[in-house]
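Asks: Mind having a look at this structure? Questions to follow.
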Amino acid sequence: MNIKIKFLAKEYLTSDIAIIVYISVAKLLIHLYSNAFANYGIFRDELYYIACSKRLDIGYVDQPPLASYIMAFSRMIIGDSVFAIRSLPAIASAMTVFVTGAITRELGGKRFAVTISCLAVTFSLIHLAMFTFFSMNAFDILFWTISFYLVIKLIKGSTSKLWLLLGVLMGLGLMNKITFLWFGLGLFVGLLATVSRKELKTARPFLACLIALFIFLPYIIWNIQNDFAHLEFIRTASAEKYSSITPVDFILGQFLINNPAVAPVWLAGLYFFFFNESGKKFKLLGFIFLTSFTVLVVNWHSKPEYLSPAMPILFASGGVMLELISYKKYWNWIKYTITAFVIVFGIVLMPVVLPILPPQTYIAYSKSLGIAPSTAEGNTLEELPQFYADMFGWEEFAKTI
C-alpha cells in the first residue's frame, strides 16, 4: 500500500498539472521579489492610476475605467505602497502562466509542451515588464488568455453557456482596454473562416456580443458625452507620439520583446494552427491572432508590445507543436535545447525589464550586453531606458508643488 501511495505521489508531483503549478508559483515569486526588493520607486503610470482611483468615473480620456476601479479596490484592501499596488499584477502574471498551461493541455500537450509554453510566457520579456507594475496591460493579457481558453472549450463542444461567460469576459476586457475589440473581431473572422461558422446560425455568439456591449455601454456613453475623447487620444498618439514606428519595427520587435529564444516557440505555434493536422481544428484561434496582427500592421504606427496579449495562445500551441516534433526520430534533442535556451536567455535578459539591479549596476550590466537605453516616445534619454527612468524623481517633484 505504501509503495502504491509513493508511486502515485511521485507520478502526481511530476505530472503536467504539477509542472504548471510549479512554474506559475515561480512566476509569482519572481514578481513578488522584484516588488519587495526593487531599487526603484513608483512608476509614472502608477501615480496616474492612483489619481484616477481617487476620482472614479465611467471613463477617462486615455482608458476605460476598470483598471482604476481595480486600483481603488487594491488600495482599500492592501494599501498603496509600491509592493501593495503591484501585488495584483503579480497574481495576474501567475494566473496567466497557469491558464496558458491549461490551454496547452486542452490543445493536446503533455509534460514537455506545458513546460515550454509556461516557460515561454514566464520569460517573455514584454510579459515580465507588463506584470512588473500596475497598469491595465497586466489585466488585459490575463483577460485575453482566459478568453482563448473559453474559445477552445467551445470548439471542443463544451456547454453553450460558455458563450455567456465569454460575453461577460469580453465586456470586462473592453472596460479594461479598448483594444480587446481585436479579440472580438478576430473571433468573428475565425467563425466565418472555419467550420465553427455553424455557431453563427445560433443566437449564442450574438447574445455574447450583446452582453459584452451592455457591459461596455457606460464607456460608449462617456465618449459620446465627451466628443469621443478616447478616439482623439488614440489618433493623436499614433500621429505624433508613435509616428516614428513602422510595420517593420513592429514585426521585428516581436522577436526581441518576447525573448529571442522564445521565437521558435511562437513561430511553431502559428504553424500548428494552419498546417498541422491535429491543430487545424483549432484554426479559429489562429485567426484571432492573425486578425489582431493584421489590424496592428495596417495601423502602421503600432508599438510591438500591443500584440503581447495575443502571444500566450502561440506559446501554448507552439509547445504542442514542438512536442510533436520531438517525437520524431532524431528530434528528441529539441526538448532540452529549446528549454535550456529559453531559461538561459530569460535569466540573462531579465534585469533588462525587471527592476532587480541597482541603477548603476544595471547601467554597467546593460552596457556589457550591448543594450542601449530605449524609448518608443521620441524622448531624449541618458543612461537608463525610459521604463526605468520614469521610476525616479516623483517624490522630489511632489515636494516642489
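Asks: Only one of T100, T96 is of a type in the set (S, T, Y), surrounded by 24 or more Cβ atoms within 10 Å (Cβ to Cβ), at pLDDT 95 or above and out of contact with any Lys or Arg (no Cβ under 9 Å at 6 or more places or on another chain); which?
Replies: Going through T100, T96 in turn, just one is of a type in the set (S, T, Y), surrounded by 24 or more Cβ atoms within 10 Å (Cβ to Cβ), at pLDDT 95 or above and out of contact with any Lys or Arg (no Cβ under 9 Å at 6 or more places or on another chain): T100.
Asks: Hand me the list of helices (runs of 4 or more DSSP H) wholly inside segment 99-202 holding 2 or more residues that are farther than 21 Å from F282 by Cβ.
Replies: Output list reads 111-123, 125-130, 136-155, 162-176.
Asks: Could you list, in sequence order, the residues of segment 374-395 that are of a type outside the set (G, A, S) and either touching a His at 6+ places or on another chain (Cβ under 9 Å) or at pLDDT 80 or above (or both)?
Replies: E383, L384, P385, Q386, F387, Y388, D390, M391, F392, W394, listed by residue number.
Asks: Since K10 meets every condition but one in (1) within 23 Å of I347 (Cα to Cα); (2) more than 17 Å from the chain's Cα centre (by Cα); (3) among the basic types (K, R), which condition does it not meet?
Replies: Of everything listed in (1) within 23 Å of I347 (Cα to Cα); (2) more than 17 Å from the chain's Cα centre (by Cα); (3) among the basic types (K, R), K10 misses just condition (1).
Asks: Still on this model: Taking the options P89, P64, name whichever one is crowded, with 18+ Cβ neighbours inside 10 Å, part of a helix (DSSP H, G or I), assigned by TED's automatic domain parsing to the domain that holds M136 and within 21 Å of the chain's Cα centre (by Cα).
Replies: After applying the criteria, what remains is P89.
Asks: Something else about it: Among the numbered conditions (1) farther than 28 Å from D45 by Cα; (2) crowded, with 18+ Cβ neighbours inside 10 Å, tell me where K329 comes up short.
Replies: So the condition that K329 fails would be (2).
Asks: Go through (1) assigned by TED's automatic domain parsing to the domain that holds G109; (2) part of a helix (DSSP H, G or I) for Y330 and report which single condition fails.
Replies: (2)
Asks: If a residue must be more than 14 Å from I257 (Cβ to Cβ) and of a type in the set (G, A, S), how many such residues does segment 306-323 contain?
Replies: The total comes to 4.
Asks: Does any residue of segment 104-111 turn out to be within 18 Å of S24 (Cα to Cα), within 14 Å of the chain's Cα centre (by Cα) and not polar (S, T, N, Q)?
Replies: no
Asks: Still on this structure, please answer the following. Go through segment 54-81 and give me each residue that's touching a residue at least 24 places away in the same chain (Cβ under 8 Å), among the small types (G, A, S) and more than 14 Å from Y219 (Cα to Cα).
Replies: Residue satisfying the conditions is S74 alone.
Asks: Within segment 314-330, identify whether any single residue is more than 30 Å from F273 (Cβ to Cβ), under 21 Å from the mean Cα position of the chain (by Cα) and free of Cβ contacts under 8 Å to residues at least 60 places away in the same chain, and answer yes or no.
Replies: no
Asks: Sticking with this structure for a sec: Would you confirm whether any residue within segment 388-398 is free of Cβ contacts under 8 Å to residues at least 24 places away in the same chain and surrounded by 18 or more Cβ atoms within 10 Å (Cβ to Cβ)?
Replies: Within segment 388-398, one or more residues are free of Cβ contacts under 8 Å to residues at least 24 places away in the same chain and surrounded by 18 or more Cβ atoms within 10 Å (Cβ to Cβ).
Asks: If you check I347 against the conditions, is it loosely packed, with under 13 Cβ neighbours inside 10 Å, assigned by TED's automatic domain parsing to the domain that holds A237 and modelled with pLDDT of 95 or more?
Replies: It is true that I347 is loosely packed, with under 13 Cβ neighbours inside 10 Å, assigned by TED's automatic domain parsing to the domain that holds A237 and modelled with pLDDT of 95 or more.
Asks: What pairs come up if the first residue lies in segment 28-44 and is outside the structural domain of S87 (by TED's automatic domain parsing) and surrounded by fewer than 17 Cβ atoms within 10 Å (Cβ to Cβ), the second is part of a loop (DSSP other than H, G, I, E, B) and aromatic (F, W, Y), and their beta carbons are under 7 Å apart, counting only those six or more places apart or on different chains?
Replies: Pairs that qualify, where the first residue is outside the structural domain of S87 (by TED's automatic domain parsing) and surrounded by fewer than 17 Cβ atoms within 10 Å (Cβ to Cβ) and the partner is part of a loop (DSSP other than H, G, I, E, B) and aromatic (F, W, Y): there are none.
Asks: Quick check on my filter: what residues within segment 243-282 are within 23 Å of G157 (Cβ to Cβ), charged (D, E, K, R) and part of a helix (DSSP H, G or I)?
Replies: Residues satisfying the conditions are K280, K281.
Asks: Is there any pair linking a residue in segment 193-217 that is farther than 20 Å from T291 by Cα to one that is part of a helix (DSSP H, G or I) and of a type in the set (F, W, Y), with Cβ under 6 Å and at least six apart or on different chains, and which?
Replies: R204/W163
Asks: For I58, work out the one condition from (1) in contact with a Phe, Trp or Tyr (Cβ under 6 Å, 6 or more places away or on another chain); (2) crowded, with 20+ Cβ neighbours inside 10 Å it doesn't fulfil.
Replies: It is condition (2) that I58 fails.
The values are calculated or read from the model by the stated rules, or taken from the named source; none is laboratory data. These numbers come from a predicted model, not from an experiment. Here the Cβ is made from the backbone with ideal geometry for all residues, glycine too, and neighbour counts use every protein chain on show.
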